[in-house]
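Here is the structure we will look at, set down as structure tokens.
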Amino acid sequence: MPSNHIYKTAQDNKGFLWFATDKGLVKYNGNTMRTFTTKDGLATNDVWGIYPTPDGKLWYLSKASRLGYIENDSVYAFESEEKGEIFNPIFSSQIGNDVVLTSSNRFHILEDKKWKLLANYKSGGLIAGGYVKNNEFSRFKTNETFDTLLVQDAKNNTIKTLAFSNVLERVHSRGQIADSLFYWVNDKQYSIINLNTLKFYSRSFQEEIGLETSKYLRINLINNQIQISGSGFVGILDSDLHIKNTYYIPEHLKAHFGFIDKSGSIWISTFTNGIYHLPLEKQSIQYSFPTETVTNINFVNNKIIANVSNKGFYGYDNSIREFVPFIIEEDYIFNASYIKELDTEYYLSKLNVRTVKNNVIREIDLSNNLYGINDRATQLVLYHNFLYGQFSFGINKINPENFKIESEYIQHGINQLLNFNNQLLVATSNGLKEFKDEEFESFRFDNTEFNKPILSIVKLSDIEVLINTDGFGTYISDLKTIRQLPKSEFLIVNNGFVDGTSIWLATESGVLKYAKLKDDYVLQMHLDVSNGLPSNNVNDLLVHQNQLMVCTNNGIAIIPKDLKIKSQLLDIYFDKASYNNQNITANNSIFSYQNNNNLSFTVTSIDFSEQLTNLSYNYKLFPLDKNWTATTTKNFNINNLKPGSYTFFIESNGIEKSLDFVIKPLWWQKIWFKAFMILLGIVFVTLVSRYFVRQSQFKKNQKIFQDKRLSELQLKALRSQMNPHFVFNSLSAIQYYIGENNFETSELYLVKFSKLIRQFFELSKENEISLSREVSLLNGYLEIEKLRFKEKLNFNIYVDPKLDTKTTKIPTMLLQPIVENAVNHGVFNKLENGFITLNFVYLDHQTFKVEIIDDGVGFVNTKKRENKNVKSSNVLKDRLHFLNYSEKWDIDYKTEELSPDLADRGNKATFLIKKIQK
């Protein structure tokens, strides 16, 4: 705050709080404050009046020459139509969206950016009112004795007279409320007239709220309620104009004004100490001993006893709902307890031990103590008919009749004793122990080792206890096994209280409530200072009827057990929004596209919770995002958005806000340009498609030509194989065998010849055949040549076992012409016997090699060698070209002379044949 001098508090229609101070106007969202001063356009920083109107303006009043309003964080100030006039609007009022500046005798209203003077009364009786917005009358006036109110019209005619005695004594404020009520208020009473019925009401503060007087009285229309406030109280007027829901402001705050906001919270203004905030849930909390340390609270023989350090034991009186002194002790208080078996109450302090039986208080004589203090017990339990009390070094066994120490047992670090099912449990700084047979024995749990420092033990049920530790949370145990109470890990738990199926824990972080769910407990509620606790460090607690009593070093808070924690989140809004550092507003939401653009949002809230936590938000950018994304950040950045219309949505706790903006495309991003480019693309695609169609048709025609050419070559190959020499020689051989009367040989020759001719014609119809058929064809051919050469020719055909001759393919009639050349141009010209070798060798699953080898004279010694244009060779060359071009075959062919230096040179033709799989 810029100042602790606060005149007034108001809340605008969005939920922001405004504080009028002597150092400027403050706008508050529950987290941050913004101060408006003369630097922002105010005529003076001393602003003492503020009126929020439904249209979103916040009007400000002060003694100045320029007054106006703040709208969208901009200050607007206007002068009077009378140049140089200084306003003193001490009786101003707000009616709808209008504010009337009212002094003791002058009225102004804002018109055409000037404050227009409505009336100026200088004589004719005391003006008892201000400007009245009504169709029937326009002002109130008193008679000269001030005991009669005159209601007059615009022509100063009196419409009605009303009794008005004592109303104007020590007047603090007056003015019109909305369009139907006008009020007068002084330090003893308030009076209101209904402008529609002219019915007059007068109420005294003594009758309404029990206060004789109150200063600084104000009546305002706030959040559709008529609130009345003064020093010491704030309340609401009901339909009969009686004060209800009164909250009495503590006198020590020295407050002059109270204000109830939309969530029901109260804001208290002071002239010296700034602002006090009282949330709704705290208004139902009662506080006792606000400056005292209260260490323990428990039931003692059906009485609620609180241990107040250096004050004594206080009992709670249900009739007056307050703590009253029971035993005064101006020293350190230990403990109070009730031993049912002895029907005796024990009150232990540093100096005394007192008992109460039959309502008689008796002080036990400790005079025999060396130091004159209580060193016998800080806490007492009954065990095996003796009292056992802990002290600094262990426990004492005490005779209940005379309170004498019978025995002393040393055990350091004892914090509490509990008799549970006739077992004396001992809470120590090193785990849980049992005092048994005058010995301290550590508990051994079946499921884990447990040596945590224990502060207290509480009976949970007939078979289980709560074990509260120093910094390790709370555990539940049946003394056989032990388990952690969920979400209590690492807490300092001073004590616990069992209320039916609920567990309440007093911790250094507030109060935790657990509810039983099936066979376990779940954390149901967490209370701390934001919910009304005097301190987060809770020493002890108990539940009485429907109230939770909580002890702290700052006193006791009595809280409703079913306290409803109401969210004070009123709204979320866009604090900042920009596109490439240009602010996005309702009037500025269209932007031109830029490369590498950046969209930035900052979201904040109006939340008057005392302990603000990070809100979680859901957001999406439509139309890019269809689903919500969760986050806890308040800042959002989105990059490289394309042109288009967008809406950014933000949501939290059921409150949803949105912001619309448009990114305009550049000329090359606009629809007409895109349409042109699409049309151009269609034309381009059409032309390209036509080109490829033509190319495809050309390739198709070329393939047809190639297939036709290949067929022609196959026919040529057939014709070249069926050359006249071969046919003539074969027929001559058959004739020779017939002439020699060798009918058997001639018949064999003729059969083989005719079978071979038939195979040639059949294969001429096919493009490819299996390797087995090719081997069979070559074998038949060589058999005929062997008969013709009269055993001068021998041959051998070798097929690699790895070759699958039935599935392996070879182009039709590819090898026969080369084999025929080997016979006719190699072996034929040789004087000795000749030998032809055919090798079919496996290379891989797609490739094999064919070798055609003869031991003849070689081409160099034949006439054919002299004529290099061998017809069959030319046919083979063309055929291989088209086979390879068809992309179905990859065939390589070469020839070589085996022994160039010898007469019988020999020749070798090699084919590498690969069938291309597609």
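Values for this structure:
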{"quantity": "Scan of the stretch 401-439 for residues that are among the aromatic types (Phe, Trp, Tyr), in contact (Cβ under 8 Å) with a residue 40 or more places away in the chain and more than 19 Å from residue 463 (Cβ to Cβ), ordered by number", "calculated": "403, 435"}
{"quantity": "Top-ranked residue of the stretch 221-239 - restricted to ones that are in a loop (DSSP other than H, G, I, E, B) and touching a residue at least 24 places away in the same chain (Cβ under 8 Å), ranked as surrounded by the fewest Cβ atoms within 10 Å (Cβ to Cβ)", "calculated": "223"}
{"quantity": "Identity of the residue in the stretch 233-263, at pLDDT 90 or above and more than 45 Å from the chain's Cα centre (by Cα), that ends up farthest from residue 608 (Cα to Cα)", "calculated": "240"}
{"quantity": "Any hit, the stretch 699-714, residues being within 30 Å of residue 745 (Cα to Cα), modelled with pLDDT of 70 or more and surrounded by 12 or more Cβ atoms within 10 Å (Cβ to Cβ)", "calculated": "no"}
{"quantity": "Residue, nearest to residue 36 (Cα to Cα), within the stretch 73-91, restricted to residues that are of a type in the set (A, V, I, L, M, F, W, C) and touching a Leu at 6+ places or on another chain (Cβ under 7 Å)", "calculated": "75"}
{"quantity": "Residue match in the stretch 681-693 (condition: basic (Lys, Arg) and assigned by TED's automatic domain parsing to the domain that holds residue 599)", "calculated": "no"}
{"quantity": "Criterion violated by residue 373 - all others in (1) over 19 Å from residue 413 (Cβ atoms); (2) surrounded by fewer than 16 Cβ atoms within 10 Å (Cβ to Cβ); (3) within 60 Å of the chain's Cα centre (by Cα) satisfied", "calculated": "(3)"}
{"quantity": "Hits in the stretch 379-400 - residues which are at pLDDT 95 or above and hydroxyl-bearing (Ser, Thr, Tyr)", "calculated": "383, 388"}
{"quantity": "Hey, residue 9 touching a strand residue (DSSP E or B) at 6+ places or on another chain (Cβ under 6 Å), in contact (Cβ under 8 Å) with a residue 12 or more places away in the chain, outside the structural domain of residue 178 (by TED's automatic domain parsing) and crowded, with 22+ Cβ neighbours inside 10 Å or not", "calculated": "yes"}
{"quantity": "Residue match in the stretch 148-170 (condition: surrounded by fewer than 18 Cβ atoms within 10 Å (Cβ to Cβ), of a type outside the set (D, E, K, R) and under 23 Å from residue 220 (Cα atoms))", "calculated": "yes"}
{"quantity": "Which listed residue, of 457, 467, 395, is farther than 20 Å from residue 338 by Cβ and among the aliphatic types (A, V, I, L, M)", "calculated": "467"}
{"quantity": "Which numbered condition residue 337 misses (of (1) modelled with pLDDT under 95; (2) surrounded by 12 or more Cβ atoms within 10 Å (Cβ to Cβ))", "calculated": "(1)"}
{"quantity": "The stretch 774-786 residues that are modelled with pLDDT of 85 or more, paired with ones that are among the aromatic types (Phe, Trp, Tyr) (beta carbon under 6 Å, 6 or more apart)", "calculated": "782/795"}
{"quantity": "Matching residues, the stretch 71-90, being under 22 Å from residue 176 (Cα atoms) and aliphatic (A, V, I, L, M)", "calculated": "90"}
{"quantity": "Tally of residues being in a strand (DSSP E or B), hydroxyl-bearing (Ser, Thr, Tyr) and crowded, with 17+ Cβ neighbours inside 10 Å across the stretch 474-503", "calculated": "3"}
{"quantity": "Index of the failed condition, residue 196 passing every other in (1) within 25 Å of residue 151 (Cβ to Cβ); (2) in a loop (DSSP other than H, G, I, E, B); (3) touching a strand residue (DSSP E or B) at 6+ places or on another chain (Cβ under 8 Å)", "calculated": "(3)"}
{"quantity": "Residue pairs meeting the criteria (Cβ under 6 Å; at least 6 apart or on separate chains; first more than 16 Å from residue 579 (Cα to Cα), in the stretch 642-665; second outside any strand (DSSP E or B))", "calculated": "652/615"}
{"quantity": "Failed item, numbered, when residue 281 is tested on (1) more than 38 Å from the chain's Cα centre (by Cα); (2) more than 30 Å from residue 337 (Cβ to Cβ)", "calculated": "(1)"}
{"quantity": "In the stretch 45-95, the residues that are touching a helix residue (DSSP H, G or I) at 6+ places or on another chain (Cβ under 8 Å) and either within 29 Å of residue 225 (Cβ to Cβ) or modelled with pLDDT under 95 (or both)", "calculated": "75"}
{"quantity": "Subset of the stretch 283-325 [touching a Ser or Thr at 6+ places or on another chain (Cβ under 8 Å), among the acidic types (Asp, Glu) and assigned to a strand (DSSP E or B)]", "calculated": "322"}
{"quantity": "Flag if residue 75 is at negative phi, free of Cβ contacts under 8 Å to residues at least 40 places away in the same chain, assigned to a strand (DSSP E or B) and not assigned by TED's automatic domain parsing to the domain that holds residue 185", "calculated": "yes"}
{"quantity": "Residue 609 vs. criteria under 25 Å from residue 515 (Cβ atoms) and touching a residue at least 60 places away in the same chain (Cβ under 8 Å)", "calculated": "yes"}
{"quantity": "Selected residue [free of Cβ contacts under 8 Å to residues at least 12 places away in the same chain, more than 12 Å from residue 466 (Cα to Cα) and out of contact with any His (no Cβ under 7 Å at 6 or more places or on another chain)] from 528, 519", "calculated": "519"}
{"quantity": "Cβ pairs under 9 Å, 6+ apart, first in the stretch 148-171 and small (Gly, Ala, Ser), second assigned to a strand (DSSP E or B)", "calculated": "154/139; 163/148; 163/149; 163/200; 163/202; 165/148"}
{"quantity": "Whichever residue in the stretch 180-189 is under 16 Å from residue 139 (Cβ atoms) and of a type outside the set (Ser, Thr, Tyr) and, among such residues, is surrounded by the most Cβ atoms within 10 Å (Cβ to Cβ)", "calculated": "184"}
{"quantity": "Members of the stretch 190-208 found to be surrounded by fewer than 19 Cβ atoms within 10 Å (Cβ to Cβ) and of a type outside the set (Ser, Thr, Tyr), listed by number", "calculated": "194, 196, 198, 199, 200, 206, 207"}
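Residue-by-condition table, conditions (1) surrounded by 16 or more Cβ atoms within 10 Å (Cβ to Cβ); (2) of a type outside the set (A, V, I, L, M, F, W, C):
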{"position": "762", "(1), (2)": "no, yes"}
{"position": "766", "(1), (2)": "no, yes"}
{"position": "781", "(1), (2)": "yes, yes"}
{"position": "803", "(1), (2)": "yes, no"}
{"position": "813", "(1), (2)": "yes, no"}
{"position": "826", "(1), (2)": "yes, yes"}
{"position": "841", "(1), (2)": "yes, no"}
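The values are calculated or read from the model by the stated rules, or taken from the named source; none is laboratory data. This one's a predicted model, so the numbers in the text were calculated from it and none came from an experiment. Glycine also receives a Cβ, built like all others from the backbone with ideal geometry; neighbour counts cover every protein chain displayed.
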